[in-house]
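Following: one structure in structure tokens, then a few remarks.
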Amino acid sequence: MIEFRSVRKQYDDGTVAVQELSLTVPAGTVTVLVGPSGCGKTTLLRMVNRMIEPSSGAVLLDGGDVRDSEPARLRRGIGYVIQQAGLFPHRTVRDNVATVPRLFGHGRREARRRAEGLLERVGLPSEIGKRYPAQLSGGQQQRVGVARALAADPPVLLMDEPFSAVDPVVREGLQDELLRLQGELGKTVLFVTHDIDEAVKLGENVAVLRQGGYLAQYAPPEQLLAE
Ligand code: ADP
Ligand code: ADP
């Protein structure tokens, strides 16, 4: 479970990105932060893995203040997926994913075996593993990004507009895949998008943010009030 307790963020230049805001993300669910560009979604997301510290208030993960965890340790339990998959261009797809189990001390062969299993999980055929990122479509690259984020088997996944850069048809496939994976793996997913349709499709709970960093609504999608 992720809890935002009266968090507020004011950047050094005076911009208030998030007003005092409280929100609970239940464990094992997909919760979506939705709203127009600049309303504070990314700021909130990055408070969870301590890329950004709140100016006041606290973020709790499973009841503990994230400030009590050293960032490197905290991030082992938190996968992070962004719009550009950020793959290493000079490594094959398989080795991009295998890097993570290698960091956890597994041998090369075991790491590759795990990477192959993960690529299969996100719906990529095994021959894709031998290619380099530039040889993949945008949608395939995002799948690799998801596989890499899952490689440490983190209980929490932060996803920041992960599918926004791919075309609508591919995006739908990726959304379906995420829902299927979520059904299998039961991660706690906090998902950022500016697309209300995507929010309604993916979210068990949807937090609607408004310009200026205000929380306008927080409810299951079927209970969201029409604006
Ligand atoms: P969103 O993800 O909803 O597009 P952000 O969280 O990225 O919104 O940004 C919220 C607000 O904070 C915006 O007005 C943005 O310009 C501002 N902002 C983001 N990062 C910084 C920063 N490092 N310094 C100053 N202002 C920032
Ligand atoms: P430490 O050295 O601090 O004890 P570990 O190497 O045991 O850290 O791993 C830290 C976290 O990463 C744990 O939550 C563990 O479950 C997870 N982890 C360890 N090895 C793997 C692995 N091969 N794949 C995925 N997660 C792993």
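Semi-axes of the equivalent ellipsoid for the chain, computed as √(5λ) from the eigenvalues of its C-alpha gyration tensor and ordered from largest down, come to 30, 20, 15 Å.
Only Cα sites of segment 146-187 enter the Debye sum here, all with the same form factor; the resulting log10 I(q)/I(0) across q = 0.19, 0.24, 0.30, 0.33 1/Å is -0.60, -0.91, -1.18, -1.24, listed in q order. Remark: segment 189-204, residue by residue, has Karplus-estimated 3J(HN,Hα) of 10, 10, 10, 9, 8, 9, 9, 5, 5, 5, 4, 5, 5, 8, x, 7 Hz, where x stands for each Gly or Pro and the curve is 6.51 cos²θ - 1.76 cosθ + 1.60 at θ = phi - 60°. Springs between Cα atoms under 10 Å define the GNM used for the chain, and in it the highest mean-square fluctuation of Gly139, Gly64, Gly203 occurs at Gly64.
Need one word for segment 1-128: rounded, prolate or oblate. Basis is the Cα gyration tensor (sqrt eigenvalues a ≥ b ≥ c); a/c below 1.5 gives rounded, then a/b vs b/c decides. It comes out prolate by the Cα gyration axes. Couplings for segment 208-217, taken from phi via the Karplus curve 6.51 cos²θ - 1.76 cosθ + 1.60 with θ = phi - 60°, read 9, 9, 10, 2, x, x, 9, 8, 8, 8 Hz in order; Gly and Pro are left as x. Between 0 and 90 degrees, the angle of helix 93-103 with respect to the longest Cα principal axis of the chain falls at about 70 degrees. By how many degrees, 0 to 90 and rounded to 10, does the Cα axis of helix 108-121 deviate from the longest principal axis of the chain? Helix 108-121 and the main axis of the chain meet at about 60 degrees.
Placing a label point 7 Å from the Cα of Asp153 along the Cα-to-Cβ direction, the residues of segment 186-203 whose backbone N falls under 20 Å from that point are 186-189. Seen from Val16, the other residues with C-beta closer than 9 Å to its C-beta sum to a net charge of +2, counting Lys and Arg as +1 and Asp and Glu as -1. From helices alone, the chain scores -10500 deg cm²/dmol at 222 nm; the rule is -39500 (n - 2.57) for each run of n ≥ 4 DSSP H residues, then divide by the residue total.
Relative contact order of the chain: 30 percent, from C-alpha pairs under 8 Å at least 6 residues apart in sequence.
For the chain, the share of DSSP beta bridges that are antiparallel, to the nearest 5, is 50%. Loop-located trypsin sites (Lys or Arg not before Pro) across segment 118-227 with a Cβ neighbour count of 16 or fewer within 10 Å are Arg131, with loop assigned by DSSP. Annotation: aspartates and glutamates with alpha-carbon distance below 16 angstrom to Lys187 (same-chain offsets under eight excluded): Glu3, Asp62, Asp153, Asp160, Asp176, Glu177, Glu204. Compactness ratio for segment 91-140: Cα radius of gyration over 2.2 N^0.38 Å (N = residue count) comes to 1.07.
Rounded to the nearest 0.05, the FRET efficiency derived from the C-beta distance between Gln223 and Glu127 at R0 = 45 Å is 0.50. Taking 0.36 nm per residue of separation and subtracting the current Cα-Cα distance, fully stretching the chain between Arg108 and His90 would add 4.8 nm.
Relative to the longest principal axis of the Cα atoms of the chain, helix 168-185 runs at roughly 90 degrees.
FYI, it's all coordinate maths here, none of it is from the lab. All values derive from a computational prediction rather than experimental measurement. Because the Cβ atoms are built from the backbone with ideal geometry, glycine has one as well, and the counts that use them run over all protein chains shown.
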